[in-house]
1. Is at least one residue of the range 65-80 surrounded by fewer than 20 Cβ atoms within 10 Å (Cβ to Cβ) and out of contact with any Phe, Trp or Tyr (no Cβ under 9 Å at 6 or more places or on another chain)?
2. Return the residues of the range 460-475 that are surrounded by 15 or more Cβ atoms within 10 Å (Cβ to Cβ), among the β-branched types (Val, Ile, Thr) and not in a loop (DSSP other than H, G, I, E, B); say none if nothing qualifies.
3. Restricting attention to the range 304-315, does a residue exist that is surrounded by 16 or more Cβ atoms within 10 Å (Cβ to Cβ), modelled with pLDDT of 95 or more and not in a helix (DSSP H, G or I)?
4. When you look at Thr411, is it of a type in the set (Val, Ile, Thr) and farther than 25 Å from Val287 by Cα, yes or no?
5. Give the range 510-529 a look and list any residue that's within 28 Å of Gly461 (Cβ to Cβ) and either modelled with pLDDT of 90 or more or not assigned by TED's automatic domain parsing to the domain that holds Ala476 (or both), or say none.
6. Scan the range 281-316 for residues that are farther than 20 Å from Cys269 by Cα and in contact with an Asp or Glu (Cβ under 6 Å, 6 or more places away or on another chain) and report the count.
7. Can you name the strands (runs of 3 or more DSSP E) wholly within the range 122-221 that have at least 1 residues being touching a helix residue (DSSP H, G or I) at 6+ places or on another chain (Cβ under 7 Å), in contact (Cβ under 8 Å) with a residue 60 or more places away in the chain and more than 30 Å from Pro82 (Cβ to Cβ)?
8. Could you look through the range 156-178, keep only residues that are more than 14 Å from Asn380 (Cβ to Cβ) and out of contact with any His (no Cβ under 8 Å at 6 or more places or on another chain), and pick out the one that is surrounded by the fewest Cβ atoms within 10 Å (Cβ to Cβ)?
Amino acid sequence: MRRLAGILTAVSLATTLFAVGVEASPRKDMYTNVGIIGLTVTNLGYVGNGFVSPFQPSCEYPLNSHVEHMFLGGIWVGARTPDGSIHVSTGAQDASNLVAGDEIREFTDDPDEPVLIWSNSQNSDNFNPAALATQHIQVVFNDYARVESGNHVPLGLKVVLRALAWGNPYADDFVILDYAVINISGGELRDVYVGFWNDTSVGNTEQNNPYDPQAAQGWNYYDDMNGGWGPPGWGLPAFAVPENDDKIWMMYEHDDDGDEGLATSWVGCRLLGTIPAVEPAEGQRPVSYNSWQFRHVPAQDDEYYADDDIEHENLLPGKYQIMGDGAFTVGETQEIDYTIPSDWVGLLATGPFPYLAPDDTIHVTFAITCGADSLSLLANSKVAQVAYDDGFSIPAGPPSPVLDFAFENDTVILSWAPGDSLDAEGQPLPTDSPLRSPEQHISTITGRPDFQGYRIYRYQGEVISENPYAIATLVAQFDKIDGVGFDTGLPPLNDEGKREFRDTGLLDGFPYWYSVVSYSAPDLEEGLPEFQSGFNENARLVYPGPAPAGRDGGSTTIGVYPNPYRAGSMFDNRSGETELGRKIWFTGLPARSRIQVFNLAGEVVKTLYHDDPVSGQEPWDLLSDPVRAIASGLYIYVVKDLDTGEIQRGKLVIIK
């Protein structure tokens, strides 16, 4: 449990540090959520969140699967300063938890620079024509203010990170990290190296809990299988990728036993390119991959002697030296066997850039990539390479619509605005206007309308354990009538002028994921294939049930189900957990109401508040206030309508 020593509670950190969109003095944290990777991005020099919170992914793949892949990752920059000394600034290093990592990281946020969250999807609330991706997160940090790590001497760097994620099905398995490193020191930096350090660790957080130090089955950091791939021609015949990918420089990791089949996916970090090109010495590899076991990171920036080496007999390489040593630590060597499972940490670095003049910039771009297996990982990383080579251009069609949900008994009602070509005055809308999408979308490739239809996906369950397209059900497909495709027509418009689809015959209180994607028709004139928007652009987890009391025929009698509740019922969706994952539902609730649960002694064991204009039910996880499992027995619930003051009462039986 070495990672959890001294860590704060997950709940407190989740509410203070990792609430998306909430600044917590001065940390700003957010995560990619339009593709299949949920990667936390910060303006502090690192990505990932140190497995600090179950409420925000660190590097989850697939998104909503509870399978994590990275503890922490961060940029390293090393250089020679004008006085000839060598220094390295790091965004993350070997650390047992996020708190310990904060004490030694050497970048921090720039309070004068805003965090930008943009999207090139016209239906997004963050739509901006300047966005490069479905989700474009830009943060700025520098290495000036951090002195807590003791021996840190700033190089005088400002770093602009653009984290780019796409929702399109062919480009949703990677997140591109584009770093712009700017010299603001006022002096020239020489022999600059830039790298990405990561502590990857794959596992299922429901099978092995990384958040609770007292968990019966904690996280296993010691079964990581790490390695790397390089292109042909660099003396790496056993680790080269020979076919159609001569640009690859990549480190990877997967879990040795796959967590009994619950975490079999792979994660990798691929170097996509640099501007300008690096200039290594003749015969020297332009990329170094160094892997080591946790806590063996070099203790100094430059070469040094260990504290116990009194005679100074063994000069050790510092951080700077390993960034440019041309090593590729794979296979079995005389010193260490890199093929065994262990707690590995990796650094993929490139250089040197001979000169970085004051105010000049170098760009180094990596891709965090995931895949179901090694072949998928390689294929997905190659798409990231193609995107980089093409200026981050990912062809796309019409975006996913923005969904509204309503509920009736055993029914989910989805609705969305179709978009229009004219404004309120009857004038044509600009081609990039969000009001056009999706049905009047104009292709950025052809300049012509490209919308063809919708596909509606549904998945029953809380956890999306695989690529959602592989496990979700295509419950409906709509195709506009134009002589192309199926010509089934589009969903009808409701009284509000929105498209509406009703999915009936569902199970009240059970979890369902829904997504509505848009797709284009193949463009034979331009030789373009069909493009489809992303599942996670509008995916939402819902629980069917009655509408609020008094609305559209909603129930006026409050109830609870299942009642009696028996532990291990079908409502317990997570196996192996004795308390977490249990759920019962109060139903027939007014839109705004308070629910209080009393034991027979008259003590309040739980208070819930319901505030939902479209659903008349509210779940309870069977945990009391404070958080404790409740005992078997008879309980009384009291529901108050907060608008009318009306009170209803009932009984609930818990059997464990």
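The values are calculated or read from the model by the stated rules, or taken from the named source; none is laboratory data. Keep in mind it's a predicted model, so treat the numbers as computed, not measured. Note that each Cβ is placed from the backbone with ideal geometry, even for glycine, and that neighbours are counted across all protein chains shown.
1. Step one: of the range 65-80, the residues surrounded by fewer than 20 Cβ atoms within 10 Å (Cβ to Cβ) are 80.
Filter once more, so that each one left must be out of contact with any Phe, Trp or Tyr (no Cβ under 9 Å at 6 or more places or on another chain): none.
Taking every residue of the range 65-80 in turn, none turns out to be surrounded by fewer than 20 Cβ atoms within 10 Å (Cβ to Cβ) and out of contact with any Phe, Trp or Tyr (no Cβ under 9 Å at 6 or more places or on another chain).
2. The answer is Ile471, and nothing else.
3. Step one: list which residues in the range 304-315 are surrounded by 16 or more Cβ atoms within 10 Å (Cβ to Cβ), which gives 304.
Checking the rest, the ones that are also modelled with pLDDT of 95 or more come to none.
The answer is no; no qualifying residue exists.
4. Details: of a type in the set (Val, Ile, Thr): yes; farther than 25 Å from Val287 by Cα: yes.
Considered against the rule, which asks whether it is of a type in the set (Val, Ile, Thr) and farther than 25 Å from Val287 by Cα, Thr411 comes out as yes.
5. Taking the range 510-529 as the starting set, the residues that turn out to be within 28 Å of Gly461 (Cβ to Cβ) are 510-519.
Pro511, Tyr512, Trp513, Tyr514, Ser515, Val516, Val517, Ser518, Tyr519 - these are the residues of the range 510-529 that are within 28 Å of Gly461 (Cβ to Cβ) and either modelled with pLDDT of 90 or more or not assigned by TED's automatic domain parsing to the domain that holds Ala476 (or both).
6. Going residue by residue through the range 281-316, those that are farther than 20 Å from Cys269 by Cα are 281-284, 295-296, 298-316.
Next, from what is left, pick out any that are in contact with an Asp or Glu (Cβ under 6 Å, 6 or more places away or on another chain): 295, 315.
Total satisfying the criteria: 2.
7. On the way: elements: 135-142, 157-165, 174-183, 189-204.
Once the strands (runs of 3 or more DSSP E) in the range 122-221 are filtered for at least 1 residues that are touching a helix residue (DSSP H, G or I) at 6+ places or on another chain (Cβ under 7 Å), in contact (Cβ under 8 Å) with a residue 60 or more places away in the chain and more than 30 Å from Pro82 (Cβ to Cβ), what remains is 174-183, 189-204.
8. Ranking the qualifying residues of the range 156-178, first place goes to Val160.
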